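Below is one structure, written out as structure tokens; the observations come after it.
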Amino acid sequence: METVFSGIQPSGELHIGNYLGAVRTWVALQDQYRCFYCIVDLHAITQPYEPAEMPRRIREMAIDLIACGIDPTKATLFVQSAVPEHTELAWMLASVTPFGELGRMTQFKDKSERNPENINAGLFTYPVLQAADVLLYGATRVPVGEDQRQHLELVREIVRKWNARFGDTFAEPQPLLSSTPKILGLDGQGKMSKSLGNTIGLREADAKIWDKLRAAATDPARARRTDPGDPDVCNVFTLHRFFSDDKRQQDVRAGCTTAGIGCIDCKKWLLEGMLGDLQRIARRRDELAAQPHKIDEILADGARRARAVARETMTRIRARLGLDAHGEPGTTG
Ligand code: SF4
């Protein structure tokens, strides 16, 4: 069985872009692959944050993931900082990572431009830690969206350089491309992202969700209620494809293209389907939130399982590097 690795930052709350674009895929993959799903808190600390808030953010992300269908008996769900081998391997991989390649990473440039007072070295070497995340578990498959393809390409280059320098150690991970249609932010502009304020959070109140949907961008060419619209260029219709059944989607298409329905009618239908899904997740989340000790146990068990694999990998890696002769290997942490 091939191994999959994927990570998510403990943002404190999943939004529908995360849910539709990543987490639903993770749920499907856990039945077909040996999956490691990681809450990547070490990546999160490259951005300004409040340390006292981090434990809550991590626990809430774990609760959200399980409520959305991640099954800790099928997938290994754990927190990155609970497995110190991630940072150890990242340092080693950094020794074969071309400096110039890191400087070319689009995400580094974007984050630096958005937050010029916080251009730190962790942000710069972030993709090396991502490479360590994947390679520590021998993952050969990585679910990637368009925005992560460049980082995965760099992981593959790091593998080639490493294997050429130290001998065949790692397999080049391959992308697991998603067939999920691209979900734009509610403003219809680019990616759905919490920092851009164009998302719907999974924990948002129904009235707030409706306020956001009512204002969401539609087919820009449909200026009046009497104009026919084109669902294929409308982000609201993209959301219908996830939250509405086939019959409802056909009704939207027919109503939109003939101006038989207005965009507000269409959004009310979307709200119905969306709330059905989100309320089911909310019920599960409430059950889990009432048992915080159970979440801690799940994460501790995940860290134990992940660490057993990580330790084995690091024993091999230290030997490759000639770093295993002067201490007791595998005792870090
Ligand atoms: Fe989009 Fe629906 Fe309006 Fe058509 S009717 S433009 S699919 S919101």
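Can you name the residue in the stretch 256-294 that is of a type in the set (Lys, Arg) and crowded, with 18+ Cβ neighbours inside 10 Å and, of all such residues, is nearest to the ligand (Cβ to nearest atom)? Per the criteria, the residue is 267. When every residue of the stretch 159-174 is checked against the conditions, at least one turns out to be over 22 Å from the mean Cα position of the chain (by Cα), modelled with pLDDT of 95 or more and at positive phi. The residue list 83, 40, 96 contains one member that is within 19 Å of residue 26 (Cα to Cα), assigned by TED's automatic domain parsing to the domain that holds residue 123 and of a type in the set (A, V, I, L, M), which is 40.
Selection of the stretch 220-231 for residues being at pLDDT below 95 and either within 31 Å of the chain's Cα centre (by Cα) or not in a loop (DSSP other than H, G, I, E, B) (or both) yields only 220.
Can you spot a residue in the stretch 44-61 that is outside the structural domain of residue 238 (by TED's automatic domain parsing), touching a strand residue (DSSP E or B) at 6+ places or on another chain (Cβ under 7 Å) and among the charged types (D, E, K, R)?
Among the residues of the stretch 44-61, not one is outside the structural domain of residue 238 (by TED's automatic domain parsing), touching a strand residue (DSSP E or B) at 6+ places or on another chain (Cβ under 7 Å) and among the charged types (D, E, K, R), which makes the answer no.
Among residues of the stretch 89-105 that are more than 19 Å from residue 148 (Cα to Cα), those with a beta-carbon under 6 Å from a residue that is in a loop (DSSP other than H, G, I, E, B) at least six positions away or on a different chain give the pairs 89/136. Does the stretch 240-250 contain at least one residue that is at positive phi and within 12 Å of the ligand (Cβ to nearest atom)? No, because not a single residue in the stretch 240-250 is at positive phi and within 12 Å of the ligand (Cβ to nearest atom).
The values are calculated or read from the model by the stated rules, or taken from the named source; none is laboratory data. As the structure is a computational prediction, the values presented were derived from the model and not from experiment. Neighbour counts run over all protein chains shown; Cβ positions are idealised from the backbone, glycine included.
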